[in-house]
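A.B. asks: Dropping a structure here in structure tokens format, bear with me for questions.
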Amino acid sequence: RMGLEIKGHKSDYKLLLDTISECLFEPTFDQSDLDREKQIVIREIAERRGDPNYKLYFDTLNAVFEEGYQTHETLGDPEKVANTTLDDFRKMNKQSLNDGHIVFTIDGGGIDIEEIKNIISSRYNNFKKTNGEITPNLEVNYKPKSVMKEFKTLGYQHDLAHEHVELSFYIPLEMTID
């Protein structure tokens, strides 16, 4: 997921919309920024891997949830991080725009909606010219299945938790678009 947010005075809405749509459809990927961020992420991975709370947290999630984004360890693989390229970011951006839903929300008075549509359409069409046709293929899932494992009560104690207590309550709640 990618979320972009920008705020300012309503008299600057064209500049704000142009800036945020450029970030979405025509992002600038810089090698020096990527190199710096890779080093930061690799350091964070090393620091958190040895943290007992981190291990306990994800082991608990694995006991509660089916495999999915809830159990995905966000730290990542240091080797994959080190080998990440600018082209990887371009591919992910294209995939994100291809497979996701693009939703713009705009609040404020005195804003010309038709002009906004034209700015967004122009950026989107330019993106398609540069990157090929975009063919969204995901349907809206109005009733996703539960990702929790089946249990009435689950008592889970990890070896690392011998002097540590963390209590979590998960109350199943069916959520729909309605």
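A.B. asks: Pop the C-beta distance of residue 58 and residue 91 into the FRET formula with R0 = 45 Å and round what comes out to the nearest 0.05.
C.D. replies: Between residue 58 and residue 91 the formula returns 0.95.
A.B. asks: Moving to a separate point now. Which entries of 91/149; 7/117; 94/149; 80/152 show an alpha-carbon separation above 27 angstrom in the structure shown?
C.D. replies: 91/149; 94/149; 80/152
A.B. asks: Let me check I have the definition right: for segment 36-130, take the eigenvalues of the Cα gyration tensor, multiply each by 5, take square roots. What are those semi-axes in whole Å, largest first?
C.D. replies: Whole-Å semi-axes of the equivalent ellipsoid: 37, 20, 14.
A.B. asks: Check residue 65: other-chain or 5+ apart residues with amide H under 5 Å from its amide H, H built from backbone geometry?
C.D. replies: The answer is 149.
A.B. asks: Please list 3J(HN,Hα) in residue order for segment 9-25, calculated via the Karplus relation 6.51 cos²θ - 1.76 cosθ + 1.60 where θ = phi - 60°; whole Hz, with x for glycine and proline.
C.D. replies: After applying 6.51 cos²θ - 1.76 cosθ + 1.60, I find 6, 4, 5, 9, 4, 5, 4, 4, 5, 4, 5, 6, 6, 5, 4, 6, 9 Hz.
A.B. asks: Roughly speaking, to the nearest percent, how much of segment 1-82's 1.4 Å accessible area is carbon and sulfur?
C.D. replies: Percent of accessible area from carbon and sulfur atoms in segment 1-82: 51.
A.B. asks: How many Å² of accessible area per residue for segment 39-106, probe 1.4 Å?
C.D. replies: Using a 1.4 Å probe on heavy atoms only, each residue of segment 39-106 averages 68 Å².
The values are calculated or read from the model by the stated rules, or taken from the named source; none is laboratory data. If you're wondering where the values come from, they're calculated on a predicted model, not measured in any experiment. All Cβ positions, glycine included, derive from the backbone under ideal geometry; neighbour counts span all protein chains shown. Note: accessible area is taken over every heavy atom of the protein model, side chains too, but ligands, DNA and RNA are not part of it. Shrake-Rupley method; radii C 1.70, N 1.55, O 1.52, S 1.80 Å.
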